[in-house]
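Chemist: Handing you a structure now.
Read-outs: derived from the displayed coordinates by stated rules, not from any lab. From a predicted model like this one, the values you see are computed outputs, not experimental measurements. Cβ atoms come from the backbone with ideal geometry, glycine included; neighbour counts cover every protein chain shown.
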Amino acid sequence: MSTAVAVTGASGFVGQALVAHLLACGRPVRALVHRQAIAISHPDLVTVTGGLSDAAALGDLMDGAGSIIHLAGRVRGRDDADFMPVNAEGVARVASVARESSSVARFVLVSSLAAREPALSPYAASKRAGEAMLAEVAEGSELRCAVLRPPAIYGPGDKELLPLLQLMARGVVPMPGVVGARASLLHVNDLANAAVKLLDSPAQGTYELHDGHDAGYSWEEIATIVESVAGRGRGWHLKLPEGVLRSVAAINLLAARLFGYLPMMTPGKINELRHPDWVCDNTEITLATGWQPNISLQDGLSPLLPGRTVKPL
């Protein structure tokens, strides 16, 4: 039997896709779950309950595992105080336990493309800091590390991007980006496959990846594909002025601080939405691992959107 793979963030949207992919490949999994149970049952799946600050749970997670894929992170928050303890210090804690483990030799961190532009937001800064902390902890050890920086991810169970795409499919198409902006996308199953390919390779370093659409997409191109998949004509394309977006984000941030919730729409998120270049390049990860994306945006969206009658583009 293959050596077990430890996975943090296993009950999340990406985590469940990754765990399912590992099990389908015949790989035993030790999965860290926090508040939400993992919706997978399998004889080769062992779940460990705990958080990133629980050293005992992390030790249990990695007991006998030969490698770890670290997914756990925070995407909603108000400021550094919300993001850094999870996205940066959490990486350092997991890496420290992995370094001291008698069995773990390989560490793959699933970061974010936002780490490429750390000045844009507290989230982006925390993801970049997490990458730096992994390198610092692993330096001088035998722990072989690699980092994935995926772009926006969509797929079954997505609670962030998919609702926006489903709104587009119903005929309301928000357009929050700047003119000329382009961004890569990736289906969650292709990300899971890439993470395992990277895990099984000797590659070390940082790798971006996308769905095979080399130049990324404009908002108009995404809308056109969504409308085609939904089997409808052109919807109502609603351009959202920067001033309106920033006002809504500022009000939401203030409310979050007053009422104690973790917001998604913040000034930092607007900076990310309006950044002109989120285009990735698959060259390095393909050379290092042989990975290639399998799911186009049109194919990936077909089972997820209302309508599902595909018209030729």
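Chemist: With an 8 Å Cα cut-off and a minimum separation of 6 or more residues, compute the relative contact order for region 47-92 in percent. Walk me through the numbers on the way to the answer.
Modeler: Numbers: 24 pairs, mean separation 13.5, N = 46.
This gives 29 percent for region 47-92.
Chemist: Please give the net charge around I270, taking every other residue with its beta carbon less than 11 angstrom from that of I270, where Lys and Arg add +1 and Asp and Glu add -1.
Modeler: +1
Chemist: In a GNM of the chain with a 10 Å cut-off on Cα contacts, which of L199, L273, L161 has the highest mean-square fluctuation?
Modeler: Result for the chain, Cα springs under 10 Å: L161 fluctuates most.
Chemist: Tell me what the chain gives for mean residue ellipticity at 222 nm when only DSSP H runs of n ≥ 4 count, each as -39,500 (n - 2.57), the sum divided by the residue total, rounded to 500 deg cm²/dmol. Please list the in-between numbers first.
Modeler: Details: 12 runs with 124 residues, N = 313.
Value at 222 nm, helices only: -12000 deg cm²/dmol.
Chemist: Looking only at H210, H21, H70, which one moves most when the chain is put into a Gaussian network model with springs between Cα atoms under 10 Å?
Modeler: H21
Chemist: How far is the Cα center of region 239-277 from the Cα center of region 147-220, in Å?
Modeler: 21
Chemist: Below 8 Å, C-alpha to C-alpha, sequence gap of six or more: please give me the relative contact order for region 102-172 in percent.
Modeler: Working: 72 pairs, mean separation 24.5, N = 71.
It comes to 35 percent, rounded to a whole number.
Chemist: Next question. Please identify, among V244, V29, V14, the residue showing maximal mean-square fluctuation in a Gaussian network model of the chain using a 10 angstrom Cα cutoff.
Modeler: Answer for the Gaussian network model of the chain: V244.
Chemist: In nm, to one decimal, how far is the W236 label point from the C25 one, both placed 7 Å along Cα→Cβ?
Modeler: Computed distance between label sites W236 and C25 equals 4.5 nm.
Chemist: Looking only at the chain, where both bridge partners belong to it, what percent of the DSSP beta bridges are antiparallel (to the nearest 5)? Intermediate values should be presented prior to the final figure.
Modeler: Working: 1 of 35 bridges.
Antiparallel bridges: around 5 percent, rounded to the nearest 5.
Chemist: Still on this model: About the Cα centre, and with charges only on the beta carbon of Lys, Arg (+1) and Asp, Glu (-1), how big is the dipole of region 126-271? Nearest 20 debye, please.
Modeler: 660
Chemist: Could you check the spin-label model distance between Y261 and R182? Points 7 Å from the Cα along Cα→Cβ, value in nm.
Modeler: 3.7
Chemist: Would you please give the residues with an amide H less than 5 Å from that of L148, counting only those at least 5 places away or on a separate chain, with H modeled from the backbone geometry?
Modeler: Result for L148 returns L109, V110, S111, Y207.
Chemist: Longest span of the chain, sites excluded, free of GluC sites (Glu not before Pro) in DSSP loop with at most 16 other C-beta atoms within 10 Å?
Modeler: Numbers: sites that count: E139, E142, E160.
Of all site-free stretches, the longest is 161-313.
Chemist: Quick one: if you take sqrt(5λ) for each eigenvalue of the C-alpha gyration tensor of region 5-57, what semi-axes come out, biggest first, whole angstrom? Intermediate values should be presented prior to the final figure.
Modeler: Working: eigenvalues 63, 25, 16 Å².
For region 5-57, the semi-axes come out at 18, 11, 9 Å.
Chemist: So what J values fall out for region 191-196 if you push phi through Karplus, 6.51 cos²θ - 1.76 cosθ + 1.60 with θ = phi - 60°, rounded to Hz, Gly and Pro as x?
Modeler: Each residue's phi maps through the Karplus curve to give 5, 4, 4, 5, 4, 6 Hz.
Chemist: Which net charge results for the neighbourhood of R257, defined as the other residues with beta-carbon distances under 10 angstrom from its beta-carbon, given Lys and Arg at +1 and Asp and Glu at -1? List each step's numbers first, then the result.
Modeler: Working: positive: R78; negative: D79.
Residues close to R257 contribute a combined charge of 0.
Chemist: Once volume of the Cα convex hull per residue in Å³ is worked out from the coordinates, which option in (1) 132; (2) 154; (3) 326 does it equal?
Modeler: Structure-derived value, by its label: (1).
Chemist: Within the chain, what's the longest stretch lacking trypsin sites (Lys or Arg not before Pro) that sit in DSSP loops with no more than 12 other Cβ atoms inside 10 Å?
Modeler: Details: sites that count: R35, K159, R234.
Formally, the longest exposed-site-free interval is 36-158.
Chemist: For a test of the definition: using alpha carbon positions, the gyration tensor, and the 1.5 limit on a/c, classify region 140-262 as rounded, prolate or oblate.
Modeler: Oblate, since a/c reaches 1.5 and b/c is not below a/b.
Chemist: Nearest 20 debye, what's the magnitude of the dipole of the chain about its Cα centre given +1 on Lys and Arg Cβ and -1 on Asp and Glu Cβ?
Modeler: Numbers: 27 positive and 30 negative charges, 185 e Å.
It comes to approximately 900 debye.
Chemist: Give me the distance in nm between label points sitting 7 Å out from Cα along the Cα-to-Cβ direction at R144 and I251, one decimal.
Modeler: Placing both labels 7 Å beyond Cα along the Cβ direction yields 5.3 nm.
Chemist: Using +1 at the Cβ of each Lys and Arg and -1 at the Cβ of each Asp and Glu in region 1-82, identify which of L52, M62, G26 lies farthest towards the dipole's positive end.
Modeler: G26
Chemist: Next up: What is the sum of charges, Lys and Arg at +1 and Asp and Glu at -1, for the other residues whose Cβ falls under 13 Å from the Cβ of V33?
Modeler: Working: positive: R30, R35; negative: D54, D60.
Here the count lands on 0.
Chemist: Per-residue HN-Hα couplings for region 66-73, Karplus 6.51 cos²θ - 1.76 cosθ + 1.60 at θ = phi - 60°, whole Hz, x for Gly and Pro?
Modeler: With coefficients 6.51, -1.76 and 1.60, one gets x, 7, 9, 10, 9, 10, 4, x Hz.
Chemist: Where nothing but the Cβ of Lys and Arg (+1) and of Asp and Glu (-1) is charged, how large is the charge dipole of region 1-90 around its Cα centre, in debye to the nearest 20? Present the calculation step by step, with values, prior to reporting the outcome.
Modeler: On the way: 6 positive and 8 negative charges, 56 e Å.
Result for region 1-90 is approximately 260 debye, rounded to the nearest 20.
Chemist: Then there is this: Tabulate in residue order the Karplus-calculated ³J(HN,Hα) for region 165-172, using 6.51 cos²θ - 1.76 cosθ + 1.60 with θ = phi - 60°, rounded to whole Hz; enter x for Gly and Pro.
Modeler: Whole-Hz 3J(HN,Hα) from phi for region 165-172: 5, 5, 5, 4, 5, 8, x, 10.
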